[in-house]
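Dumping the structure here so I can ask a few things about it.
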Amino acid sequence: TLERTFSIIKPDATRRNLTGKINAKFEDAGLRIVAQKRILMTKAQAGEFYGVHKDRPFYDELCEFMSSGPVVVQVLEGENAIAKNREVMGATNPADAAAGTVRADFAESVGENSVHGSDAPETAAVEIAYFFAGTELVG
Ligand code: CMP
């Protein structure tokens, strides 16, 4: 089924000018970028976005990092886009990520791991709506 998923290219990747190389991996896998913008999140905004992790030991570090530089928020569309995007990203910890994945090729650590992607249709819908109006998605 045709799905949409939410993706973030994180500050460690924008800092190293890797936006195009990461987008090429998405596009080569058949994902279509139907919305995209470069933004600077406040720490409060990052905290709200990552609210499900608020009791984790890494929450403060995560919010600091996600507001430390520009991110590219985007909506990717394709057949089974959620699972496909997770395949292209690779495991959360780059040490466990399969060869050729974004995180194997680019991530610096489990925290500075270059990309975020939604984990389920329900979270994708919530995450997309957090950053984009419906009119900004052009399929
Ligand atoms: P993401 O998919 O953006 O969702 C939550 C993020 O928390 C995750 O990717 C990781 O980058 C980050 N994270 C997970 N575990 C740790 C950890 N042990 N230390 C720092 N950050 C972490």
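The values are calculated or read from the model by the stated rules, or taken from the named source; none is laboratory data. Given the structure is predicted, the values throughout are model-derived calculations rather than measurements. Glycine gets a Cβ as well: all are built from the backbone with ideal geometry, and neighbour counts include every protein chain shown. The area values use the complete protein model at the heavy-atom level, side chains included, leaving out ligands, DNA and RNA. Shrake-Rupley method; radii C 1.70, N 1.55, O 1.52, S 1.80 Å.
Could you state the accessible area per residue of the chain in Å², with a 1.4 Å probe and every protein chain left in place?
Solvent-accessible surface per residue comes out at 51 Å².
If exposed means no more than 12 neighbouring beta carbons inside 10 Å and the site is in a DSSP loop, what's the longest run of the chain without any exposed trypsin sites (Lys or Arg not before Pro)?
55-139
Could you look at the chain and say what percent of its accessible area is carbon and sulfur, using a 1.4 Å probe and all protein chains?
The value for the chain is 51 percent carbon and sulfur by accessible area.
Can you give the Kirkwood hydrodynamic radius of the stretch 41-139 from its Cα pairs, in Å with one decimal?
14.5 Å is the Kirkwood radius here.
Okay, next question. Which order do the peptides 68-78, 127-137 come out in when sorted by mean C-beta neighbours inside 10 angstrom, highest first?
68-78, 127-137
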